Amino acid sequence: MNALDRITPDPAIDKFVDTSFDLSDRIHEILEAKGISQRELAEMLGKKESQVSKWMTGTHNFTIKTLALLEVKLGVSIFQVSSGAIQPINKAVEEPVYTT
């Protein structure tokens, strides 16, 4: 057993990574639908294109302020907070495969 085998997965980190990629994918979809390039988005936001490019990798830790700015400039919702019934996070649980 090596050191990597002893690392316990952190579900919060997994959720963070999944959400980060979901956000960047959503922004990509919006830009494509609106015909806006990353360069144009950077200009709209008063940011450098390199900064926007980093955002789009899926590993950026977006602040609520940045998400709000993106929503205002793009005119569409990127991130929604639900109200109403409380729903558990759906976790894909792999069933063991048994062979005979």
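Taking the stretch 32-64 as the range and being farther than 19 Å from Asp22 by Cβ and part of a loop (DSSP other than H, G, I, E, B) as the test, the residues that pass are Gly35, Ile36, Ser37, Gly46, Lys47, Lys48.
Yes or no, residue by residue, for (1) of a type in the set (D, E, K, R); (2) within 23 Å of Val81 (Cα to Cα); (3) touching a residue at least 60 places away in the same chain (Cβ under 8 Å); (4) surrounded by 15 or more Cβ atoms within 10 Å (Cβ to Cβ):
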| position | (1), (2), (3), (4) |
| --- | --- |
| Asn2 | no, no, no, no |
| Ala12 | no, yes, no, no |
| Phe16 | no, yes, no, no |
| Arg26 | yes, yes, no, yes |
| Ile30 | no, yes, no, yes |
| Ser37 | no, no, no, no |
| Trp55 | no, yes, no, yes |
| Asn61 | no, yes, no, no |
| Ala68 | no, yes, no, no |
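Here's the yes/no breakdown for (1) assigned to a loop (DSSP other than H, G, I, E, B); (2) in contact with a Leu (Cβ under 7 Å, 6 or more places away or on another chain); (3) modelled with pLDDT of 90 or more:
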site	(1), (2), (3)
Ser24	no, no, yes
Thr66	no, no, yes
Leu69	no, yes, yes
Ser82	yes, no, no
Gln87	yes, no, no
Glu95	yes, no, no
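The values are calculated or read from the model by the stated rules, or taken from the named source; none is laboratory data. Being a predicted model, the structure only gives us computed values, none of them experimental. Don't worry about glycine lacking a Cβ; one is built from the backbone with ideal geometry, like all the others, and counts go over all protein chains shown.
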